[in-house]
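J.: Structure provided below as structure tokens; questions to follow.
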Amino acid sequence: MAEAEDRIRTMLSNQIDPREFDSPAFQQDPFALYKRLRDHHPVYHDRFHNRWAITRYWDVDAVFQSSEAYTRGVYDEKGSYRFGSRHVFGPNILEYGVGDRHRWMRNVIAGQFVGQKLEDFLPLIDMIAREVIERFRGDGTVELVRQFSSQLPIRVISNMLGLPREDEDRFVGWYQALIAGLGFGGEHLARGLAARNEMWEYLDPIIAERTARPGEDLLSRIIGAELDGTRMSVEEIKGFVALLLAAGGDTTDKAIANMWYHMLYTRPDQYADVKADPSLWSNVFTEMMRYDPVVHTQFRRATKEIELYDEVIPKGASVVVYLGAGNRDERVFKNPDVFDIHRDDLHMGRENRSGRYKDGKPGHLGFGMGQHFCMGYAMARQEAVIACAHLANLIPNPRPRDKDHPGISSPSIDSGGFRSPLELWIDFDV
Ligand code: HEM
């Protein structure tokens, strides 16, 4: 009798109430719910949000890799939807599933954020990092999110686009409004749209000028790219720029904050290792992308009926992949809830879209995989590593100020799952 009661109690405690996804507890710490999902509901039909949740590592991997069975395209390319009309950035690559248009858009910027092109930009990244640090170096204290991480990547990407350096502060303001507009509705969306319109107006004469006199910059490349003899419309060009400012800025910015949070707040012992061997910043980046990635969710739609475990995902159903949950799958990683830059069961080097590596180890899922694999993966890693190494060099003896820091959280489920500390105060010697 007692045994049966125990079984029922365990069964009930493993049930999921879909409202948990909206709770403050989940925003603060989603990992306990992720584990219950992985262990007891690897394919969870969330009737409240009308979607199916996938949480185990190899299942997340399979969704990313099977773009035929799970499409990202929300709109029918041949239908009446005007691309960009419902998106805060305007028309942009994120609205497309796979197909000619998506492949072409990738090709336009492919090669710009990797290899020699990226190498050519390293001195600039270096210089901007130093400039930003110089502003607070004499203060003995810094709020890392506001004064450092949110300042750096946006300046780098706007330089790559060839936008005027003197206007960088305006881009920082615009991209912050765009991101808030992307994640939240209501007044945030209104502010995001206002920022976008202001930025679009600002871009008009620059686009006209680069159309007439193209340069070597990324904006000129986007303007000049052709598919079947046609170029992007001015709206599409502006949508691409808005996306790159946000994708290139916000994610990398939060990655840097997450790395410092772990180094100073949860693993000061491993910070000592990194100080002794700065090449380990690369491991800090990789382990952060596994343990506490900036992006936790991506959305797809089933293009056909899919049987998985005991469930049947119907054709057309909305599917949410929790890459943040896959990264903590104990079926793949030993002690997944420990942040460890020396782990030997994670591929530590550069990522790729297949996620298959010669060392036979699984990679993190933080950049997605497959056809939509992040295009800025190499740049994000370089930027984060360079920025962190400079900061560690230039602020002696950094110390966390908040003894009760609330940790890494996401402000709301609508934030697209972006997770990072809201503030990170660090004191240091001058
Ligand atoms: C740590 C920083 C970053 C993270 C965590 C991140 C994360 C991601 C993820 C998860 C995706 C996959 C979307 C999907 O599967 O639907 C993606 C796509 C993308 N990322 Fe990143 N990203 C980062 C940095 C960057 C940078 C620096 C750039 C460019 C400057 C960039 C440009 C893009 C683009 C253009 C796509 C769309 C690719 C496509 O649709 O085919 N990202 N990113």
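The values are calculated or read from the model by the stated rules, or taken from the named source; none is laboratory data. Computed from a predicted structure; not experimentally measured. Don't worry about glycine lacking a Cβ; one is built from the backbone with ideal geometry, like all the others, and counts go over all protein chains shown.
J.: Just for helices (runs of 4 or more DSSP H) wholly inside the range 35-143: which have at least 2 residues that are touching a residue at least 60 places away in the same chain (Cβ under 8 Å) and more than 30 Å from Glu330 (Cα to Cα)?
T.: Details: elements: 57-65, 100-109, 115-134.
Passing ranges, in order: 100-109, 115-134.
J.: Val98: of a type in the set (A, V, I, L, M, F, W, C), closer than 30 Å to Trp200 by Cα and in contact with a Lys or Arg (Cβ under 7 Å, 6 or more places away or on another chain), yes or no? Talk me through it step by step, then tell me what you get.
T.: Values: of a type in the set (A, V, I, L, M, F, W, C): yes; closer than 30 Å to Trp200 by Cα: yes; in contact with a Lys or Arg (Cβ under 7 Å, 6 or more places away or on another chain): no.
Judged against the criteria, Val98 is not a match.
J.: On to the next question. Considering (1) within 21 Å of Leu280 (Cα to Cα); (2) touching a residue at least 24 places away in the same chain (Cβ under 8 Å), say which one Arg301 fails and leave the rest.
T.: The single condition Arg301 does not satisfy is (1).
J.: Exactly one condition in (1) more than 23 Å from the chain's Cα centre (by Cα); (2) surrounded by 12 or more Cβ atoms within 10 Å (Cβ to Cβ) is not met by Phe89; state its number.
T.: The single condition Phe89 does not satisfy is (1).
J.: Now, a different point. Does Asp402 satisfy the condition of being more than 13 Å from the ligand (Cβ to nearest atom), outside any loop (DSSP other than H, G, I, E, B) and at pLDDT below 95? Let's see the steps before the verdict.
T.: Values: more than 13 Å from the ligand (Cβ to nearest atom): yes; outside any loop (DSSP other than H, G, I, E, B): no; at pLDDT below 95: yes.
In short, no.
J.: Anything in the range 56-79 that is hydroxyl-bearing (Ser, Thr, Tyr) and either loosely packed, with under 15 Cβ neighbours inside 10 Å or touching an Asp or Glu at 6+ places or on another chain (Cβ under 8 Å) (or both)? List them, or say none. Step through it out loud before you land on a result.
T.: Taking the range 56-79 as the starting set, the residues that turn out to be hydroxyl-bearing (Ser, Thr, Tyr) are 57, 66-67, 70-71, 75.
Of everything in the range 56-79, those that are hydroxyl-bearing (Ser, Thr, Tyr) and either loosely packed, with under 15 Cβ neighbours inside 10 Å or touching an Asp or Glu at 6+ places or on another chain (Cβ under 8 Å) (or both) turn out to be Tyr57, Tyr75.
J.: Failed condition for Glu351, given (1) acidic (Asp, Glu); (2) touching a residue at least 12 places away in the same chain (Cβ under 8 Å); (3) surrounded by fewer than 19 Cβ atoms within 10 Å (Cβ to Cβ), with all others met?
T.: Against the list (1) acidic (Asp, Glu); (2) touching a residue at least 12 places away in the same chain (Cβ under 8 Å); (3) surrounded by fewer than 19 Cβ atoms within 10 Å (Cβ to Cβ), Glu351 comes up short only on (3).
J.: Any idea how many residues of the range 211-247 are within 16 Å of the ligand (Cβ to nearest atom), of a type in the set (D, E, K, R) and assigned to a helix (DSSP H, G or I)?
T.: Going through the range 211-247 one residue at a time, the tally reaches 3.
J.: Restricting attention to the range 150-160, does a residue exist that is touching a residue at least 60 places away in the same chain (Cβ under 8 Å) and either surrounded by fewer than 17 Cβ atoms within 10 Å (Cβ to Cβ) or at positive phi (or both)?
T.: Taking every residue of the range 150-160 in turn, none turns out to be touching a residue at least 60 places away in the same chain (Cβ under 8 Å) and either surrounded by fewer than 17 Cβ atoms within 10 Å (Cβ to Cβ) or at positive phi (or both).
J.: Sticking with this one: What's the total number of residues in the range 363-399 that are surrounded by fewer than 21 Cβ atoms within 10 Å (Cβ to Cβ), within 13 Å of the ligand (Cβ to nearest atom) and assigned to a loop (DSSP other than H, G, I, E, B)?
T.: Selection size over the range 363-399: 2.
J.: Something else now. Among Gln28, Gln65, which is the only one that is under 25 Å from Gly370 (Cα atoms) and under 19 Å from the mean Cα position of the chain (by Cα)?
T.: Values: Gln28 fails: under 25 Å from Gly370 (Cα atoms).
Going through Gln28, Gln65 in turn, the sole match is Gln65.
J.: Continuing with the same structure: Which of the residues spanning the range 10-22 are surrounded by 10 or more Cβ atoms within 10 Å (Cβ to Cβ) and modelled with pLDDT under 70?
T.: Thr10, Met11
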